[in-house]
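To keep things clear, I will list the structure first and then write my remarks on it.
The values are calculated or read from the model by the stated rules, or taken from the named source; none is laboratory data. Nothing here was measured: the structure is a model prediction, and the numbers come from that model. No Cβ is skipped: glycine too gets one built from the backbone with ideal geometry, and neighbour counts run over all protein chains shown.
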Amino acid sequence: MKNAKKIKAKVKIDCLSCKTQADCCKLGAWIDLEEAKNILSFGIKGDFFHLEKDDCFPSGYKVGTSYEDERCVFLDSDGLCRIHKVDYALKPVTCKEFPYEDNKLSSFASVLCTPYKSKNKKRPT
């Protein structure tokens, strides 16, 4: 008899199905220091916070796009990303890849990702 273990299928999230497309920006993101420098070189309005050493980032340093648990400073009043408006290529990798981190579903997906939350709503039995 074959092993009867449940195999958890990889969750697929379609960001285009998100009606607000800014819920994931309710908290800032950690981005690579070099990405931050590149964004600043384009004169995009916004600040970076909490410079920290982190070997998981290509430059060895990361910065936050919010202060504490505030929304991302690059989120415009219209609910769109100022960076994305200028050039999608400038958008930080962590933002482009969310709700995934290192090819796995982020632990923040259950809090910030509307399509993920709607897929996992408990249905009445």
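Structure summary
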item	result
Residues (surrounded by 13 or more Cβ atoms within 10 Å (Cβ to Cβ), in contact (Cβ under 8 Å) with a residue 24 or more places away in the chain and assigned to a loop (DSSP other than H, G, I, E, B)) located in the range 74-86	F74, L80
Unmet requirement for I39, which otherwise passes all of (1) surrounded by 14 or more Cβ atoms within 10 Å (Cβ to Cβ); (2) in a helix (DSSP H, G or I); (3) at pLDDT below 90	(3)
Residue, surrounded by the most Cβ atoms within 10 Å (Cβ to Cβ), within the range 49-73, restricted to residues that are among the charged types (D, E, K, R) and farther than 13 Å from G28 by Cα	D54
Pairs, first touching a residue at least 12 places away in the same chain (Cβ under 8 Å) and assigned to a loop (DSSP other than H, G, I, E, B) in the range 87-108, second exposed (fewer than 15 other Cβ atoms within 10 Å of the Cβ) and not basic (K, R), C-beta under 8 Å, six or more apart	D87/F42
Matching residues in the range 45-65 - criterion: being part of a strand (DSSP E or B) and out of contact with any helix residue (DSSP H, G or I) (no Cβ under 8 Å at 6 or more places or on another chain)	F49, H50, E52, K53, G64
Matching residues in the range 3-36 - criterion: being assigned to a helix (DSSP H, G or I) and either more than 16 Å from T94 (Cα to Cα) or at pLDDT 90 or above (or both)	L16, S17, L33, E34, E35, A36
Selected residue [surrounded by 14 or more Cβ atoms within 10 Å (Cβ to Cβ) and at pLDDT 80 or above] from T94, T114	T94
Qualifying residue in the range 66-73 (condition: at pLDDT below 90, in a helix (DSSP H, G or I), in contact with a helix residue (DSSP H, G or I) (Cβ under 9 Å, 6 or more places away or on another chain) and not β-branched (V, I, T))	no
